[in-house]
Every structure is written in C-alpha cells, then in structure tokens.
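To start, the structure itself, in structure tokens.
The values are calculated or read from the model by the stated rules, or taken from the named source; none is laboratory data. Values in this document were obtained by computation on a predicted structure and should not be read as measured data. Virtual Cβ from ideal backbone geometry, glycine too; neighbours counted across all protein chains shown. Calculation scope for accessible area: heavy atoms of the full protein, side chains included, ligands and nucleic acids excluded. Shrake-Rupley method; radii C 1.70, N 1.55, O 1.52, S 1.80 Å.
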Amino acid sequence: MSTRSVCFSVVWGLFCLVSTTGAQENKGEILFEYWNGIGGSLDTLYNSDRWPDKPDTWEYRSDLEGKIDWAESYSTRVRGVLYPPQTGVYSFWISSDDGSELWLGQGEGPDSASRIASVPEWTAPQEWDKFPSQQSGAVYLEANRPYY
C-alpha cells in the first residue's frame with residue numbers, strides 16, 4: 001500500500017469536496033463558487049442569507065488553487081468529485097486566508113461528507129504547516145471510485 005499526498009490552497013473560504021450536478025460530465029473540473037462582500041470568518045458565511053445556494057458568481061476550473069487577492073472581502077466554496085488514480089492511503093492539506101474547512105465523503109452523496117482538515121485563521125498561500133489541523137489523518141481511498 002502506498003501513501004499519497006494531496007494539497008489544496010484556497011483563498012478565503014470553505015473548501016469542501018462535494019458532488020455537483022452533472023459531475024460525470026465535468027470530470028476533471030472543479031466548481032468554484034464566490035460570495036462577494038462576505039468574509040472574515042466561516043460563521044459570517046454560514047449565517048448569510050445567501051449561503052449556501054446564492055453565490056454571486058461561479059466557474060469551473062481544472063486546478064484546485066483558488067484566486068489570490070482578487071477582491072477585498074469574499075468567500076469561496078470549491079466542490080467536485082474526487083476520483084483517486086490509485087488505491088492507497090492519502091493525506092490531504094489545506095491553506096487559506098482566512099479560515100477554511102476541507103470535507104471528504106465516503107460515497108457520492110453529500111450526507112457522507114465529514115470534515116477532515118481545517119484552517120482556524122489566515123495562512124499564506126501554500127503554507128501547509130502553520131496549524132496541525134491543516135493536515136488530514138490517513139485516508140484509504142480506492143482507485144477510480146467517486147468520493148464526495
């Protein structure tokens with residue numbers, strides 16, 4: 001069994017790996033959703049009347065690194081289905097400005113997702129070791145199986 005590492009960098013916001021409508025059609029793409037004018041803490045985002053279904057804008061991207069310094073105050077949610085290329089034990093890291101959460105499911109549905117890593121406050125882009133909570137525990141994943 002081999003070990004793999006996966007790192008995610010998201011500029012402010014919530015990062016969760018979750019399924020999107022038509023995920024099979026968009027395999028290889030990740031949905032980025034943006035809430036303008038909502039920043040500072042995850043509680044601010046979660047308590048907004050625009051959360052979770054009214055982002056200001058969205059885009060599909062082929063990478064997992066969020067935009068840097070594109071606005072003064074905003075939140076980002078990143079969603080997609082993970083298809084591991086090989087069966088094995090994986091570790092995940094996350095960095096963000098300000099707080100963020102990384103969620104992973106054990107199936108395709110949103111009900112299977114649980115938080116595996118988090119950032120309590122600001123980190124620099126790609127700063128993976130400021131807080132112990134930025135790294136997940138070891139996660140066993142099977143090749144080509146979809147994970148929320």
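Just a few scattered comments:
- When 49, 56 are screened for being at pLDDT 90 or above, of a type outside the set (Val, Ile, Thr), in contact with a strand residue (DSSP E or B) (Cβ under 6 Å, 6 or more places away or on another chain) and more than 21 Å from residue 139 (Cβ to Cβ), only 56 passes.
- Filtering the stretch 123-134 to residues that are surrounded by 14 or more Cβ atoms within 10 Å (Cβ to Cβ) and either touching a residue at least 24 places away in the same chain (Cβ under 8 Å) or charged (D, E, K, R) (or both) leaves 123, 125, 127, 128, 130, 134.
- Being out of contact with any His (no Cβ under 6 Å at 6 or more places or on another chain), surrounded by fewer than 12 Cβ atoms within 10 Å (Cβ to Cβ) and not polar (S, T, N, Q) is a description that does not apply to residue 29.
- Of all residues in the stretch 45-82 being open to solvent by 70 Å² or more (accessible area, probe 1.4 Å) and of a type in the set (S, T, N, Q), the one that is farthest from residue 98 (Cα to Cα): 62
- Checking residue 118 against (1) open to solvent by 40 Å² or more (accessible area, probe 1.4 Å); (2) polar (S, T, N, Q); (3) under 13 Å from the mean Cα position of the chain (by Cα), the condition it does not meet: (1)
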